[in-house]
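The values are calculated or read from the model by the stated rules, or taken from the named source; none is laboratory data. This one's a predicted model, so the numbers in the text were calculated from it and none came from an experiment. Note: ideal-geometry Cβ built from the backbone for every residue, glycine included; neighbour counts use all protein chains shown. Accessible surface is based on the protein model in full, side chains and every heavy atom, while ligands, DNA and RNA are left aside. Shrake-Rupley method; radii C 1.70, N 1.55, O 1.52, S 1.80 Å.
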Amino acid sequence: MEKKKTINFGAGPAKLPPSVLLQAQKELLDYNNIGISVLEMSHRSADFSKIINTTENLLRELLNIPENYKVLFLQGGGSGQFSAVPLNLIGLKEDRCADYVVTGAWSAKAAKEAEKYGQINVVHPKLDKYTSIPDNSGWSLNPSASYVYYCCNETVHGVEFNFIPDSKDVILVSDMSSNFLSRPVDVSKFGLIFAGAQKNIGCAGVTVVIVREDLLGKACKECPVVLDYQVQAGNNSLYNTPPCFSIYVMNLVLEWIKNNGGTEAMEKLSKQKSSLIYDVINNSGGFYSCPVNEDCRSRMNIPFRIGRKEGDEALEKLFLDGASKLGMISLKGHRSVGGIRASLYNAVTLEDTQILTAYMKQFLKEHQP
Ligand code: PLP
């Protein structure tokens, strides 16, 4: 019997383009006819230099990164950057303070970590639930803050910025881990952007940091050397052994994005895919409900409940079990919010999404009261 196709709607590590996996498999034992695997290759070799430089150049091309920005490939994940950002940037101004826009679990975590290194101001009154983005004009920004931080897409709560905030001339920092390269970005508006690879651009192990050159060299003295942007920039991300294989996989994914139309095409596709699901939710007469305000619903992570607003857990289990039987996996919502979450990163196809929406419609028909 033919094996059922598995569709991975996981929030990360997430689905990779099958062609990328096949290429990595093909080259696993013998990369480029040199007789060894990337897994065995010295990070100081000419072959690896070529891989890391091509990866950087592709990223520069895809995002149109201005020349006065450095691109770093670091370890420690997005969480490592929750520490690295304040360690490198909080001392930019004498007051050692920073503004954090908290719109979900990940920006809340980043703000908590940053509190170890300086004074952190949450720029709007604490939200009792993460379902909206308060109007930018009402934010109480501190002009003497070293930077303003926000998370561009909250992976757990499904809240996404569809605008670049006005930070009133203060350096803007963004965690783009879960919507990186899913649309074009004007990098020049930012002091720093970071993104873990394991959602839209590769596998776990490497985090991209794009940082404006004039912000280098301002790290606190307690900053661990591997997290010091100036040290890593001065060594082309090779101060210590980098996550070589993860960088190689990223290289393949970036080529795939380029060959599939770049960030504009990814944006178009992400809008198509997410609209399909939001349309089913909106037209379900309340059977499916997404708690997030319409103006900031994520194209990448769609959380929803089934049966009633706060979720009918028995019905949700039935939904997940049925989905799993059809090959659709990792649809369970994050443990802190429950319900269902469909993640639609770049590698998830329109066809994958249509299979999910067909199932949602069928489930609605069978279970609506
Ligand atoms: N930021 C966002 C938006 C995330 O979704 C995640 C993880 O899912 C992180 C940061 C943390 O990344 P890591 O697990 O690589 O530390």
Seminar exercise, completed: Of all DSSP beta bridges having both residues in the chain, the percent classed as antiparallel (nearest 5) is 55
Exercise. For the chain, what is the per residue volume of the convex hull drawn over the alpha-carbon atoms, in cubic angstrom?
Worked result: 138
Exercise. Taking the Cα centre of the range 261-367 as the origin and placing charges on Cβ (Lys, Arg +1; Asp, Glu -1), which of I306, M360, G286 is farthest toward the positive end of the dipole?
Worked result: I306
Problem set entry | Cut-off 15 Å between beta-carbons: net charge of the residues surrounding T349, Lys and Arg +1, Asp and Glu -1 | +4
Problem set entry | Share of pairwise Cα separations in the range 155-308, more than 23 Å, in percent | 49
Problem set entry | Summed residue charge, Cβ within 12 Å of A11's Cβ, Lys/Arg positive, Asp/Glu negative | +4
For this session: Among T349, V148, P242, pick out the residue whose Cα is farthest towards the positive end of the charge dipole of the chain, where Lys and Arg carry +1 and Asp and Glu carry -1 on C-beta, about the Cα centre.
Result: T349
Exercise. How large is the dipole of the chain about the Cα centre if only Lys and Arg carry +1 and Asp and Glu carry -1, each at its Cβ, rounded to the nearest 20 debye?
Worked result: 760
Seminar exercise, completed: In units of 2.2 N^0.38 Å, the Cα radius of gyration of the range 12-106 is 1.48
For this session: Quick one: which residues, 5 or more positions from Y100 or on another chain, have an amide H under 5 Å from its amide H? H modelled 1.01 Å from N in the peptide plane, none for Pro or chain starts.
Result: N121, V122, V123, Y149
Problem set entry | With every protein chain in place, the chain: carbon and sulfur % of accessible area (1.4 Å) | 51
For this session: Obtain the radius of gyration and the Kirkwood radius of the range 38-196 from its C-alpha atoms and give Rg over Rh.
Result: 1.00
Exercise. Amide H neighbours of S343 under 5 Å, counting only residues 5+ apart in sequence or on other chains, H built in-plane at 1.01 Å?
Worked result: I302
Exercise. Out of the DSSP beta bridges found with both residues in the range 74-187, what percent are antiparallel (nearest 5)?
Worked result: 15
Exercise. Summing +1 for each Lys or Arg and -1 for each Asp or Glu, what net charge is found among the other residues whose Cβ lies under 12 Å from the Cβ of N53?
Worked result: 0
For this session: Convert each backbone phi in the range 197-214 into a coupling constant with the Karplus relation 6.51 cos²θ - 1.76 cosθ + 1.60 (shift: θ = phi - 60°), then list the ³J(HN,Hα) values in order as whole Hz, x for Gly and Pro.
Result: 7, 6, 10, 9, 10, x, 10, 5, x, 10, 10, 8, 10, 10, 10, 5, 4, 5
For this session: At a temperature of 25 °C and a viscosity of 0.890 mPa s, determine how fast the range 273-369 diffuses translationally according to Stokes-Einstein, using the Kirkwood radius over alpha-carbon pairs as Rh; express D in µm²/s, rounded to the nearest whole number.
Result: 184
Seminar exercise, completed: Beyond 17 Å, the calculated P(r) of the range 64-151 holds a percent of Cα-Cα pairs equal to 52
